[in-house]
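Taken together, the values in this text are just the output of simple stated rules run on the coordinates, not laboratory data. The structure displayed is predicted, hence computed values, not measured ones. Virtual Cβ from ideal backbone geometry, glycine too; neighbours counted across all protein chains shown.
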Amino acid sequence: MNFQTTRYQQNKPNHFESLHQGLDRSAHQLFGRYRRRNKVRQDWQKMANSILQQSYLLQGFSNQELQQQLLLLKQAYRRRKKNHTSLQQTFALITEVASRTLGMRPYEVQILAAIALSHGYLAEMATGEGKSLTACFPAILAAWQTKPCHIITVNDYLAERDTEELAPLYQFCDISVDWIGSKMNLSARQKGYAADVVYITSKELLADFLRDQLQLKGCQNTEQQRLRQANDPSSFPMGALVMRGIDTAIIDEADSVLIDEAITPLLISQPQKNVSFQNTIIETQKFAEALTTDIDYRVDSRYREINLTETGKKTISQKAGSLPGIFQNEQRCKELVLTCLLAKEFYRRDDNYVVTDNKVLIVDEFSGRMMPGRSWRQGLHQAIEARENLPLSNPNETLARLSFQNFFRMFQNLCGLTGTAQEVATEFWDIYQLSVVSIPTHRSCQRKTLKKQYYLGQEKKWQAICAEIACCQASGQPVLVGTRSLAASNILAEMLTSQAIPFQLLNALNHKKEAEVIASAGQLGKVTIATNMAGRGADIKLDKKVIHLGGLHVILSEHHESKRIDRQLLGRCARQGNPGSVRNYASLEDDLLQKYGSKLLVKILSDGISTQKKRGWLFNKLINQAQKSSQKIAYKQRLNILEVDTQLENLLSFAPSPTK
């Protein structure tokens, strides 16, 4: 990429604004509800039907004739001459081209979702309804307008897969497409970003954006860039830039990217050798291990906080003097002790992290995947290493920071697809100005929901799950069991092994063939254990015999903190009109209910006072209350991240870039 082709001025990011408050927020939400009214979808559904009918009329056209029509439309879009009629004509052409190049003619519901995306909406489509093909429609429009277009996926595998599978469609429409993965070097990234449409994960895109911002040193204007380069070329290496700007983002699995993964900001940092800090962490960790719960400190599991008692504060004050250098300061000592206590109380091996090759690797809470190269900040990573008696890594110095929320609010055009959005429709609108529209399924859903099973203790729950798995396997019906953590998947794996039940296990320690494992989960007699989000985006194809046995059976072994993720797991079966069944399990010892459940309801159920019928009602009420409480706290955490970004921008208002 050379200086002349860099387009940071033409495609500069939006400046994110503060969220609406008070009456302004009420009026803003009222407008949001108006935008997602039913009539909007009804009008688009008529348009989608018309587009599908037009596409059938194009079947007699030759490839050359189709390409000539596409070229004329491309020229019109490049001149920004687009209207209601041209959108219908374009989508009809893309529908026919998709049929010829991919062997897949988009359904009416896919075209409906594509129309919603082209209007800047978030389309809620059921699992297996063909979101990947749908995203191509607005991507082609953006590429024709020469705008940088990024399609956000949840992992590198999906980015590479979609690029390869959908390339014939893009190429027919005279559009280049590429993907960018976490292991690519600078030249490969520059080549990837030069394409008209780029498939990439949110973490890679934001990281590259921040790195480019560091290179630009606040020069968003092209004239400023040229002047800086002319004055001192060595200090302003434009050749080190990888992106050509940001403008359009089409987000697949939008709830995961914009909600679940948005709790923590992304940092660009570099390790700084600090032997004194490392030695202090080791000493502080030993000291923290000696402190006693409820005497020196109290644990708030719901908010993941540690509160020191007066006894604890006095003990820390006495300890501070024995630490080296600046850490003798009582406040600094207190901060380090709290960090070590957080590591002690809230971070579990084979749950929040794994240890491989004497290194602590973070496990993503939502996907169950390891995240090599990522580390916790403010000494937490080193505290966990000290607790595991591992060599301490060097602490990181933060060079740039930005939340995912504010990053995606910078895009001129933002839209997305997901299977679960209605539960957080208000948050999508408040933060991202995204209105949610529900897209009906192509075929009616044949999913059978079996009676929920509730237990007081986890041991009996796991025994019941094993019994159900054995029953399904005996009949040949495949089973997919979703677990919340690596530790839970290992518990179930050990129990199945002891009963000589063969299975395939997918977790953070066994994830290299994730897509293959999930794709084969619908085969006759298969038993698959996976974290709730594992294999998201991969199709589960059913054996013909399996369809007659009732399809894939999904077991939810434990409710997640978000009801959306429960729905995502249940959506792995009964796709595209196929049969399938699901069953939910829960126990009073599950993390969700222990952390966020009503203590009164837990006590009533523990005492066994309620009748069997009332017990099920109370369990449902307890789970719903716990999930609502959890999501309310998570929402506040996301708002706090936004507020920190805004405060940093205000504090550094003299600086040209909010990322510094």
Could you sort 403-411, 422-430 so that the peptide with the highest average Cβ count within 10 Å comes first and the rest follow in order?
-> 403-411, 422-430
Per the helix-only calculation at 222 nm, which mean residue ellipticity applies to the chain, given -39500 (n - 2.57) for every DSSP H run of n ≥ 4 and division by its residues, nearest 500 deg cm²/dmol?
-> -15500 deg cm²/dmol
What is the range 339-459 by shape, rounded, prolate or oblate, if you read a ≥ b ≥ c off the alpha carbon gyration tensor as root eigenvalues and call it rounded for a/c under 1.5, prolate for a/b larger than b/c, and oblate otherwise?
-> oblate
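Apply 1/(1 + (r/R0)^6) to the Cβ-Cβ distance of residue 46 and residue 426, taking R0 = 22 Å, and write down the FRET efficiency to the nearest 0.05.
Calculated value: 0.20.
Sequence gap at least 6, Cα distance under 8 Å: using those rules, report the relative contact order of the range 273-394 to the nearest whole percent.
Numbers: 148 pairs, mean separation 30.3, N = 122.
The value is 25 percent.
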What full-extension length gain, to one decimal in nm, is calculated for residue 34 and residue 214 as 0.36 nm per residue of separation minus the Cα-Cα distance?
-> 60.7 nm
Over the chain, what is the percentage of antiparallel beta bridges among all DSSP beta bridges, to the nearest 5?
-> 25 percent
Based on Cβ point charges of +1 for Lys and Arg and -1 for Asp and Glu, what charge dipole magnitude is obtained for the range 273-394 about its Cα centre, in debye rounded to the nearest 20?
-> 240 debye
Mean Cβ-within-10 Å packing, highest first, puts peptides 53-65, 378-390, 197-209 in the order 197-209, 378-390, 53-65
What is the spin-label model distance, in nm, from residue 467 to residue 548 if the labels are put 7 Å beyond Cα along the C-beta direction?
-> 3.0 nm
Note on the chain: contact order normalised by length, alpha-carbon pairs under 8 Å, 6 or more apart, percent, works out to 15 percent
Ranked by how many other beta carbons lie within 10 Å on average, peptides 635-647, 460-472 from highest = 460-472, 635-647
Taking Kirkwood radius over Cα pairs in Å as the quantity of interest, determine which of (1) 26.3; (2) 31.6; (3) 27.2 was computed from the displayed structure.
-> (3)
Charge dipole (the chain, unit charges on Cβ, about Cα centre) - positive-most of 420, 400, 336 = 420
Dipole of the chain, positive direction: furthest Cα of 642, 297, 600, with charges on the beta-carbon = 600
Only Lys, Arg, Asp and Glu count, each charged at its Cβ (+1, +1, -1, -1), so figure out the dipole size of the chain about its Cα centre, rounded to 20 debye.
-> 1420 debye
Span from the the range 423-481 Cα centroid across to the the range 152-170 one, whole angstrom | 27 Å
For the range 586-598, just list the computed ³J(HN,Hα) in residue order, Karplus coefficients 6.51, -1.76 and 1.60, θ = phi - 60°, integers in Hz, with x standing in for Gly and Pro.
-> 7, 9, 5, 8, 5, 4, 4, 6, 5, 7, 10, x, 5
Please tell me the relative contact order of the range 394-497 in percent, rounded to the nearest whole number, where contacts are Cα pairs under 8 Å and at least six residues apart.
-> 15 percent
Rank 522, 63, 438 by how far each Cα sits towards the positive end of the charge dipole of the chain (+1 on Lys, Arg Cβ; -1 on Asp, Glu Cβ) and give me just the farthest.
-> 438
Between residue 501 and residue 62, what is the spin-label point distance in nm, taking each point 7 Å from the Cα along the Cα→C-beta axis?
-> 6.1 nm
